[in-house]
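The values are calculated or read from the model by the stated rules, or taken from the named source; none is laboratory data. Treat the numbers as computed from the prediction; the structure is a model and nothing was measured. Here the Cβ is made from the backbone with ideal geometry for all residues, glycine too, and neighbour counts use every protein chain on show.
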Amino acid sequence: MLIRFIIFIIILYVVYRIIKYMRRAKNNETKNYQAKAMPAEREDLVEDPFCHTYIPVSQAYKKEIAGINYYFCSKECCEYYISGKSKKRQEEGL
């Protein structure tokens, strides 16, 4: 009789552990699904005034010209933009 009781307790414990494991696995699946379903953080895009491409603010080359912040896709675009403005000023002055 005692052996049956011990076996019964062991079976209950095993069933309890299986149910607990299954619940934990289900919760992890739900959390993973929610993490995948959440949209990625978005970042503002800015337009390069020279080549007119759009780039994220964090990747843009920032230059202040005459008190106004301009964002460029590269340093080269910034230099071309500045040289183009100076040529335009020279043409207007003549």
Report, ordered by the first and then the second residue, all pairs with beta carbons closer than 8 Å, sequence separation of six or more or different chains, a first member in region 1-23 that is at pLDDT below 95, and a second member that is surrounded by 10 or more Cβ atoms within 10 Å (Cβ to Cβ). none
Residue count, region 53-67 (criterion: loosely packed, with under 11 Cβ neighbours inside 10 Å and at pLDDT below 90): 1
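Inside region 42-87, counting only strands (runs of 3 or more DSSP E) that do not spill past its ends, which hold 3 or more residues that are over 17 Å from the mean Cα position of the chain (by Cα)?
Here the list reads 61-65, 68-72.
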